[in-house]
Amino acid sequence: MRIDVHTHIWPERIAGTVLDSMVHDMGLDAVGVNTVEGVKAHMRESGVDKSVVLGVVERPDQVKRANDWLISIQDDMLVPFGAIHPELEDKADEVRRLRENGIKGIKLHPVMNSFYADDPRMFPVYEELGDDMTLEIHSGRFPNDSPDDPLYAAPERIMNIVRQFPRLKIIALHLGGMYMLDEAERVLLGQENVLVDTTWPPSLREVAAETLTAIFNKHGSHKVCFGTDFPLASQVTDSDYILGLPFSDAEKEGILGENARALIGL
Ligand SMILES: [Zn+2]
């Protein structure tokens, strides 16, 4: 089964506006339409069976409404992960509500929401996720960070969560450290109890094949999950790139879906 663990879509009503600002802020072009129908059309083209849809919010008052919508779009093709904001008061309750409504994980974005990944305010959330729900967390910088911005999601901070909550199922996004691959390699890659995803917009091809192969080998290809950041990168282009790397068919199918299927429980 092919699974993309990292996509972003929105309700029809606001999708166009969000896409315009994403494209503008990140300076990237969209490869598809960021709606339920848009991602499904892209999946049919790319042979991806399931996409994990990640909830993103800017403010705490947006969490419940975003999660209500994410709960409503669950089906055979879409696996939504809820959004949680550090300033939401009843964070653990919201995680429980997500679980009770069939949601299998959450996404956290320390850079966008300005909190350190290992902030003790988040511990009740990590505790509540238990050993059944999966945490996907932005790891590394943001493309438009300035050098003196706080490193909210540095790989070392992600590892502090992994060490504190060894039962937690966690995927450190962007190869464990977007634009921080040196630190990721030093402190995260090769460690147990943490998976990484391959999301690297606008294309994974920006990471040289030798580098990517070395990263997969160091971390263990059984702990790597395919992700894209659709609509900012293409499932077709990025999965083709992985298929061309020097790994066995079984290892490649693991990366392209089976590892995520086993972790998330799909
Ligand atoms: Zn993303």
**Request:** Collect the residues in the stretch 13-61 that are touching a Ser or Thr at 6+ places or on another chain (Cβ under 9 Å) and of a type in the set (S, T, Y), keeping them in residue-number order.
**Result:** S46, S51
**Prompt:** Do we find a residue being at pLDDT below 95 and within 13 Å of the ligand (Cβ to nearest atom) anywhere in the stretch 43-51?
**Reply:** no
**Request:** Give the residue, chosen from A250, A260, that is in a helix (DSSP H, G or I), within 16 Å of the ligand (Cβ to nearest atom) and of a type in the set (A, V, I, L, M, F, W, C).
**Result:** A260
**Request:** State yes or no: is V56 crowded, with 16+ Cβ neighbours inside 10 Å, within 16 Å of the ligand (Cβ to nearest atom) and among the β-branched types (V, I, T)?
**Result:** yes
**Asked** Is one or more of the residues making up the stretch 43-63 at positive phi and over 19 Å from the mean Cα position of the chain (by Cα)?
**Response** yes
**Neighbours by Cβ (under 8 Å, 6+ apart or cross-chain): first from the stretch 114-126, at pLDDT 95 or above; second polar (S, T, N, Q) and part of a helix (DSSP H, G or I)** = A117/N160; D118/N160; D118/Q164; F123/Q164; Y126/Q164
**Prompt:** Given (1) more than 16 Å from the ligand (Cβ to nearest atom); (2) within 15 Å of the chain's Cα centre (by Cα); (3) of a type in the set (K, R), where does R141 come up short, assuming only one miss?
**Reply:** (1)
**Prompt:** How many of the residues making up the stretch 81-100 are within 15 Å of the ligand (Cβ to nearest atom) and out of contact with any strand residue (DSSP E or B) (no Cβ under 6 Å at 6 or more places or on another chain)?
**Reply:** 1
**Request:** Return yes when N113 is closer than 30 Å to P147 by Cβ and either surrounded by fewer than 20 Cβ atoms within 10 Å (Cβ to Cβ) or within 16 Å of the ligand (Cβ to nearest atom) (or both) and no when it is not.
**Result:** yes
**Prompt:** Counting only residues that are at pLDDT 95 or above and within 13 Å of the ligand (Cβ to nearest atom), how many does the stretch 11-38 have?
**Reply:** 1
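Assess whether H24 counts as being of a type outside the set (D, E) and either within 18 Å of the chain's Cα centre (by Cα) or within 26 Å of L168 (Cβ to Cβ) (or both). So that I can check it myself, show each step before the final result.
On the way: of a type outside the set (D, E): yes; either within 18 Å of the chain's Cα centre (by Cα) or within 26 Å of L168 (Cβ to Cβ) (or both): no.
Taking the combined requirement at face value, the residue does not satisfy it.
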**Item:** From the options L78, L135, L108, residue that is surrounded by fewer than 19 Cβ atoms within 10 Å (Cβ to Cβ), under 20 Å from L263 (Cα atoms) and within 16 Å of the ligand (Cβ to nearest atom)
**Value:** L78
**Request:** Tell me, yes or no, whether the stretch 202-220 has at least one residue that is within 16 Å of the ligand (Cβ to nearest atom), of a type in the set (D, E) and without any contact (Cβ under 8 Å) to a residue 24 or more places away in the chain.
**Result:** yes
**Message:** Report every pair of residues separated by at least 6 positions or lying on different chains whose Cβ atoms are under 7 Å apart, first residue within the stretch 96-112 and touching a residue at least 40 places away in the same chain (Cβ under 8 Å) and more than 14 Å from M122 (Cβ to Cβ), second more than 11 Å from the ligand (Cβ to nearest atom) and of a type in the set (V, I, T).
**Reply:** K104/V79; K104/T134; K104/I264; G105/T134; G105/I264
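Considering each of L243, L232 in turn, give the residue that is within 13 Å of the ligand (Cβ to nearest atom) and either in contact with a helix residue (DSSP H, G or I) (Cβ under 9 Å, 6 or more places away or on another chain) or farther than 17 Å from L28 by Cα (or both). Outline the logic, then answer.
On the way: L243 fails: within 13 Å of the ligand (Cβ to nearest atom).
None of the other options fit; the residue is L232.
The values are calculated or read from the model by the stated rules, or taken from the named source; none is laboratory data. Quantities reported herein were computed from a predicted structural model and do not represent experimental measurements. Here Cβ is always computed from backbone atoms with ideal geometry, including for glycine, and neighbour counts include all displayed protein chains.
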